[in-house]
Amino acid sequence: MTSAVADRVGTVPPRRRSKLVLRNTLLGWSFILPNFVGFAIITLVPVVTLFYVSLTDYNIFGKGDFIGFENFVKLVRDPLFQRSFVNTLYFAALHVPLTIAVSLGLALLLNTKLRGVAFFRTAAFFPYITSIVAIALVWNLLFSPDYGPINQFLRFLGIANPPGWLTSQDWAMPAIVIISTWRDMGYYMILFLAGLQTVPRELYEAARMDGANAIQRFWNVTLPGIRPTMFLVTVLLTIASFKIFDLIIVLSPGGTAAPNAATVVLSQFIYQKGFIESKFGYASAGAVALFVLCLGATVIQFLINKKRSA
């Protein structure tokens, strides 16, 4: 049948064949073009503009002059940028493994066909779609140093001086990590659930017959079976952790005025320099630094995953 079609195409005159190829090409581009135009306008052009503006001293009061890499040299010497960079890495180092552990644990618990499991899945996912302002209001009350139920419970346990949480230099970032993990765990739980349901049940039955206990089945069957999902979750969660902004800006609106800038991160630094101080060139340089950080972390994770899959 294939040879018959080929013979028929071969009998088409060259001029008509070229028109057919052109028509098919234009038809294909007609499907691709709307998406490409949207990508160019919304993503490509702003990104290219960002890289150019980062090489200027552009501000809201006039056209910026090209200054090369001066903004990046200034960034390296800026104590606030250094602090925000360290805080971003600190947040990601706590948030990524904690969220993976909690969301995977929830997925394992809810990967059953028990009655009412749909309700618990919905309840776990609900914080992810809840308003950031509502979350911040509730958790600010929970973490209140004097009247919050968390510190009241710690005093009941015998801890005389519980942490100040969001008002403390040492405990502000761990508190935000706890809140962010609670908010994000439902979304990544859904991804892990999808991965768990692709693992063949026959592998668990074979492992049981070989005498493997629950921990051994988890390490030797579950984790290898959800490796692609684990890789996806790790990449998405790492990028999201580096770009954390909304939760911190609501929970700690002081930003740089917080205790020794304990919670200021790169995205908040960019917001401060760009929209508060109107230093768009300098803020763009900070955004490029954040982009390089996200890109570097993603490339490293891709290389590690490729090495493990080889």
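The values are calculated or read from the model by the stated rules, or taken from the named source; none is laboratory data. If you're wondering where the values come from, they're calculated on a predicted model, not measured in any experiment. Virtual Cβ from ideal backbone geometry, glycine too; neighbours counted across all protein chains shown. Please note that ligands, DNA and RNA were not included when accessible areas were found on the heavy atoms of the full protein model with its side chains. Shrake-Rupley method; radii C 1.70, N 1.55, O 1.52, S 1.80 Å.
Summed over the range 33-46, residues that are surrounded by 10 or more Cβ atoms within 10 Å (Cβ to Cβ) and more than 30 Å from residue 285 (Cα to Cα) total 1.
For beta carbons closer than 9 Å, sequence separation of 6+ or different chains, a first residue in the range 115-135 that is touching a residue at least 24 places away in the same chain (Cβ under 8 Å) and a second that is of a type outside the set (Lys, Arg) and open to solvent by 100 Å² or more (accessible area, probe 1.4 Å), there are no qualifying pairs. Considering each residue of the range 279-298 in turn, none proves to be out of contact with any strand residue (DSSP E or B) (no Cβ under 6 Å at 6 or more places or on another chain), touching a residue at least 24 places away in the same chain (Cβ under 8 Å), in a loop (DSSP other than H, G, I, E, B) and open to solvent by less than 70 Å² (accessible area, probe 1.4 Å). Scanning the range 237-244 for any residue that is assigned to a loop (DSSP other than H, G, I, E, B), at negative phi and under 18 Å from the mean Cα position of the chain (by Cα) turns up at least one such residue.
When 239, 190 are screened for being farther than 25 Å from residue 88 by Cα and among the hydrophobic types (A, V, I, L, M, F, W, C), only 190 passes.
Does residue 31 satisfy the condition of being within 30 Å of residue 275 (Cβ to Cβ) and modelled with pLDDT of 80 or more? So residue 31 fails the test.
In this structure, does residue 30 turn out to be open to solvent by less than 80 Å² (accessible area, probe 1.4 Å), free of Cβ contacts under 8 Å to residues at least 24 places away in the same chain and small (Gly, Ala, Ser)? Yes: the conditions hold for residue 30.
Given 201, 183, 217, which one is free of Cβ contacts under 8 Å to residues at least 60 places away in the same chain, among the basic types (Lys, Arg) and open to solvent by less than 70 Å² (accessible area, probe 1.4 Å)?
Of the residues listed, the single one that is free of Cβ contacts under 8 Å to residues at least 60 places away in the same chain, among the basic types (Lys, Arg) and open to solvent by less than 70 Å² (accessible area, probe 1.4 Å) is 217.
When the range 167-177 is filtered for residues that are more than 16 Å from the chain's Cα centre (by Cα) and within 22 Å of residue 102 (Cα to Cα), the ones remaining, listed by number, are 171, 172, 173, 174, 175.
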